[in-house]
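Reviewing the structure listed below.
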Amino acid sequence: MSYCLATYQSADGPRAAIIVGERVIDVAKATRVNGDVSVMGILADWSKARTRLDALAERQGARGQPLSKVKLISPLPLPGAVYCAGSNYGDHAAEMARVKGLPPPPDPHEIGLEPWHFIKSSRSVTGPYASVKLPAASKKVDWEAELAVVIGRKASNVSEKDALRYVAGYLVANDFSARDLGRRAAAPAGSLFATDWTSHKSFDGACPLGPWITLKREIKDPQKLGIQLDVNGVRKQDSNTSHMIFSISEQIAFLSSRITLWPGDVILTGTPDGVGNGRGEFLNAGDVVRTRIEGLGELVNKMS
Ligand code: ZN
């Protein structure tokens, strides 16, 4: 029986659930395993937990609460590390170069570049339907639809070939970005300290993540998924994960050669063409941003 992993807001706080069809089943109440109260706890022992959850999904069938009656929050309200691929779609890299009046950059593979990631604070994660307050310091908050990967097994120095074995599942992310806070305007030209990735990428609500985790086995090829983003019903991004420069496997192999990846860590794999920065459009209070990926569901976030 197929199911997704989610977190819902109960009277006692956030709790892990599986979604079977349109029903939401509280995992720990059914399994009586303490760790099953949170998705982080479930992922900590993912291979065993999966067997337990498979059995639960079979057993529970149509029981549980209807999905329409449950408030879903981010399946990982506080993930481990959140790594984000920078400029990882050819179309987006060209778009960002155009903004700066530069020619389209070459494929990084051709000039010996390896993947690169910045860190987004796990504290910036918010729910799939949460409203997001525009940070007071920025006038240029932008959207970035991204496929997010959740690690399900400790990964250190893994090969590209084996990389996907360490993945528990996939979900939808938005890498909201404060474009005007990424540079320290007063920093002297050429200063090594001219960029401010934290202000650019990490503010409260900067990382909507959800709506649930689709298990890896449900997705035949994560490099063949449509990815779209609408602002107020107008399509802004429309691409496919096949256009990534560095594949998910390349990213996991590279990251795991630099630092151990742990269950519950998340990798945002980059955004395609169509961000606001390319056309000088930014988000205003009241805007509704819908981010969707084929087979993984949709985030709906209203800016305030
Ligand atoms: Zn991004």
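What follows draws every value from the coordinates through simple rules; no lab data is involved. These numbers come from a predicted model, not from an experiment. Cβ: placed from backbone, ideal geometry, glycine included. Neighbour counts: every protein chain shown.
What to note about this one:
- Most fluctuating residue given options Leu261, Leu181, Leu209, as computed from a GNM of the chain linking Cα atoms under 10 Å: Leu181
- Rounded to the nearest 20 debye, the dipole magnitude of segment 116-250 is 220 debye, with +1 charges on Lys and Arg beta carbons, -1 on Asp and Glu beta carbons, and the Cα centre as origin.
- Our summary of shape: the Cα atoms of the chain have principal axis extents of 61, 44, 31 Å, ordered from largest down, in whole angstrom.
- When the pairs Lys69/Lys139; Lys69/Lys140; Lys29/Lys302; Lys120/Lys154; Lys161/Lys236 are compared against a 31 Å limit on Cα-Cα distance, Lys69/Lys139; Lys69/Lys140; Lys29/Lys302; Lys161/Lys236 fall above it.
- Restricting the trypsin sites (Lys or Arg not before Pro) of segment 50-99 to loop positions (DSSP other than H, G, I, E, B) with no more than 12 neighbouring Cβ atoms within 10 Å leaves Arg63, Lys71.
- The simple spin-label model puts a point 7 Å past each Cα toward its Cβ; for Lys154 and Ala97 those points are separated by 4.2 nm.
- Sparsely packed loop sites in segment 130-200 (the trypsin sites (Lys or Arg not before Pro) outside DSSP H, G, I, E and B with at most 11 other Cβ atoms within 10 Å) comprise Lys161.
- The chain, relative contact order [Cα under 8 Å, separation at least 6], %: 25
- Selection from Ser191, Ala206, Ile219 lying farthest towards where the dipole of segment 82-302 points positive, charges on Cβ: Ala206
- Each other residue within a Cβ distance under 11 Å of Ile248 adds +1 if Lys or Arg and -1 if Asp or Glu, for a net charge of -2.
- With helices as the sole contributors, the chain gives -5000 deg cm²/dmol at 222 nm; each DSSP H run of n ≥ 4 counts as -39500 (n - 2.57), and the sum is divided by every residue.
- Distance distribution note for segment 1-126: the fraction of Cα pairs above 27 angstrom is 41%.
- Taking the alpha carbon gyration tensor of segment 67-193, multiplying each eigenvalue by 5 and rooting it gives semi-axes of 28, 24, 15 Å, largest first.
- Here segment 4-73 is assigned +1 on the Cβ of each Lys and Arg and -1 on the Cβ of each Asp and Glu. Its dipole about the Cα centre then comes out at about 120 debye.
- Count Lys and Arg as plus one, Asp and Glu as minus one, and take only other residues whose Cβ is under 14 Å from that of Asp265; the net charge is then +4.
- Residue with peak Gaussian network fluctuation, the chain [Cα springs, cutoff 10 Å], from Glu95, Glu294, Glu281: Glu281
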